[in-house]
Structures are given as C-alpha cells and as structure tokens.
Amino acid sequence: AYLLPHLRTGWAVDQAIVNEEDRVVVIRFGHDSDPTCMIQDEVLQSITEVVQNFAVIYVVDITEVPDFNEMYELYDDCTTMFFFHNKHIMIDLGTGNNNKVNWALGDKQEMIDLIEVVYRGARKGRGLVVSPKDYSTKYMY
C-alpha cells in the first residue's frame with residue numbers, strides 16, 4: 001500500500017471526500033499489513049492509472065484513524081467504500097450489505113467495472129448503484 005496515498009487523519013479523509021469535484025473517491029479502510037488488504041491494495045494500485053480520469057484512490061489505517069470506524073461500521077479486515085460529491089455511494093452487490101465491499105476484490109477488471117458503474121450512476125445523482133456482477137454466491141460466510 002506504500003504506493004497508494006494514505007490519509008493519516010480524520011480531517012484528511014473529510015477533505016479528500018469533500019474536495020474532489022469530478023471523480024469518485026475510493027477509500028480502502030483497514031491495515032496495510034493485513035493479508036486481505038494487501039490483495040486489495042495491489043489491485044487498487046495496479047488500476048490507479050486506468051481509472052485516474054474518473055476516480056481517485058486512498059487508503060486509511062483504521063487504527064491510526066479510528067474516526068470513521070463506528071460511523072461506517074468498519075469491523076472487517078478490509079473495507080472499500082465509494083464517495084462522490086461528498087456523498088457515500090452505495091452499491092447493490094447482491095450480498096445484502098450495500099454500504100461497502102468488505103472483502104478483497106482481487107480481479108482488476110471487476111474493480112474497474114465497479115468504479116465505472118459507481119461513477120456513471122453517481123453523476124446521474126443516484127445514491128445507490130447496482131454492481132455489474134452479483135457477489136451473493138461468491139463468498140460463503
């Protein structure tokens with residue numbers, strides 16, 4: 001995750017979400033040393049240039065910046081969330097949890113497609129978008 005920009009304070013997270021006018025803000029909450037986060041970070045880092053016109057990606061250590069843990073229910077090892085125009089964009093992934101992706105989405109193209117759908121939907125004013133792929137059966141809890 002060392003190649004992805006880190007947001008080190010609650011204020012920095014707020015500013016990143018508030019000040020981005022044209023792109024989706026993708027934030028991975030978790031720990032750099034967590035294996036799940038490592039997989040997610042590798043994917044996010046590898047697609048940064050591909051999505052740079054419509055998304056900006058940050059990582060936040062939930063121990064270093066605990067400000068959002070309760071508000072966003074960040075209890076999982078790795079959580080990826082999406083924001084646009086200072087609004088949290090929800091995604092129907094088929095998992096029943098529309099607030100966030102709480103596993104490592106290890107496929108680059110799937111992540112690009114997901115960010116694109118969020119971007120297109122959010123630009124039209126939608127607060128909830130439907131994922132291009134249904135993940136309901138992919139992960140058995």
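Consider the range 70-83. How many of its residues are part of a loop (DSSP other than H, G, I, E, B) and either under 12 Å from the mean Cα position of the chain (by Cα) or surrounded by 15 or more Cβ atoms within 10 Å (Cβ to Cβ) (or both)?
Going through the range 70-83, the residues part of a loop (DSSP other than H, G, I, E, B) turn out to be 70-77.
Add one more test, that the residue is either under 12 Å from the mean Cα position of the chain (by Cα) or surrounded by 15 or more Cβ atoms within 10 Å (Cβ to Cβ) (or both), and what stays is 72, 74, 76-77.
Summing the residues that are part of a loop (DSSP other than H, G, I, E, B) and either under 12 Å from the mean Cα position of the chain (by Cα) or surrounded by 15 or more Cβ atoms within 10 Å (Cβ to Cβ) (or both) in the range 70-83 gives 4.
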*How about the range 17-31: which of its residues are open to solvent by 10 Å² or more (accessible area, probe 1.4 Å) and within 13 Å of ALA104 (Cα to Cα)?*
HIS31
_Enumeration of residues in the range 84-97 that are open to solvent by 40 Å² or more (accessible area, probe 1.4 Å) and either of a type in the set (Asp, Glu) or within 13 Å of VAL117 (Cβ to Cβ) (or both)_ = MET90, ASP92
*Tally time: how many residues in the range 1-46 are within 17 Å of VAL101 (Cα to Cα) and of a type in the set (Val, Ile, Thr)?*
7
_Pairs please, first residue from the range 95-111 and under 11 Å from THR80 (Cβ atoms), second anywhere and open to solvent by 50 Å² or more (accessible area, probe 1.4 Å) and in a helix (DSSP H, G or I), Cβ atoms under 7 Å, 6+ apart in sequence or on different chains._
ALA104/ILE39
*Report, by residue number, each residue of the range 84-139 that is within 14 Å of the chain's Cα centre (by Cα) and of a type in the set (Lys, Arg).*
LYS87, LYS100, LYS108
*In the range 105-135, how many are open to solvent by less than 30 Å² (accessible area, probe 1.4 Å), at pLDDT below 95 and within 21 Å of GLU49 (Cβ to Cβ)?*
1
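Being among the charged types (D, E, K, R) and out of contact with any helix residue (DSSP H, G or I) (no Cβ under 8 Å at 6 or more places or on another chain) is the filter here; which residues of the range 77-115 pass it?
Kept after step one, since they are among the charged types (D, E, K, R), are these residues of the range 77-115: 77, 87, 92, 100, 107-108, 110, 113.
Once the filter is applied, which keeps residues that are among the charged types (D, E, K, R) and out of contact with any helix residue (DSSP H, G or I) (no Cβ under 8 Å at 6 or more places or on another chain), the range 77-115 yields ASP92, LYS100, GLU110, ASP113.
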*Under 8 Å between Cβ atoms, at least 6 apart or on separate chains: pull out the pairs that start in the range 1-24 with a residue that is within 22 Å of CYS37 (Cα to Cα) and at pLDDT below 95 and end on any residue that is open to solvent by 30 Å² or more (accessible area, probe 1.4 Å) and assigned to a loop (DSSP other than H, G, I, E, B).*
ALA1/ASP32; TYR2/ASP32
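Taking THR95, is it part of a strand (DSSP E or B), in contact with a Phe, Trp or Tyr (Cβ under 9 Å, 6 or more places away or on another chain) and among the hydroxyl-bearing types (Ser, Thr, Tyr)? Before the answer, list the steps.
On the way: part of a strand (DSSP E or B): no; in contact with a Phe, Trp or Tyr (Cβ under 9 Å, 6 or more places away or on another chain): yes; among the hydroxyl-bearing types (Ser, Thr, Tyr): yes.
Judged against the criteria, THR95 is not a match.
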*For TYR58, indicate whether it is under 17 Å from VAL101 (Cα atoms) and surrounded by fewer than 17 Cβ atoms within 10 Å (Cβ to Cβ).*
no
*asked:* Which count do you get for residues in the range 1-59 that are more than 19 Å from ASN69 (Cα to Cα) and in a loop (DSSP other than H, G, I, E, B)?
replied: 12
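The values are calculated or read from the model by the stated rules, or taken from the named source; none is laboratory data. Keep in mind that what you see is a predicted model, and the values were worked out from it rather than measured. A quick note on method: Cβ atoms are made from the backbone with ideal geometry, for glycine too, and the neighbour counts reach across all protein chains shown. Ligands, DNA and RNA are excluded from the accessible area calculation, which covers all protein heavy atoms including side chains. Shrake-Rupley method; radii C 1.70, N 1.55, O 1.52, S 1.80 Å.
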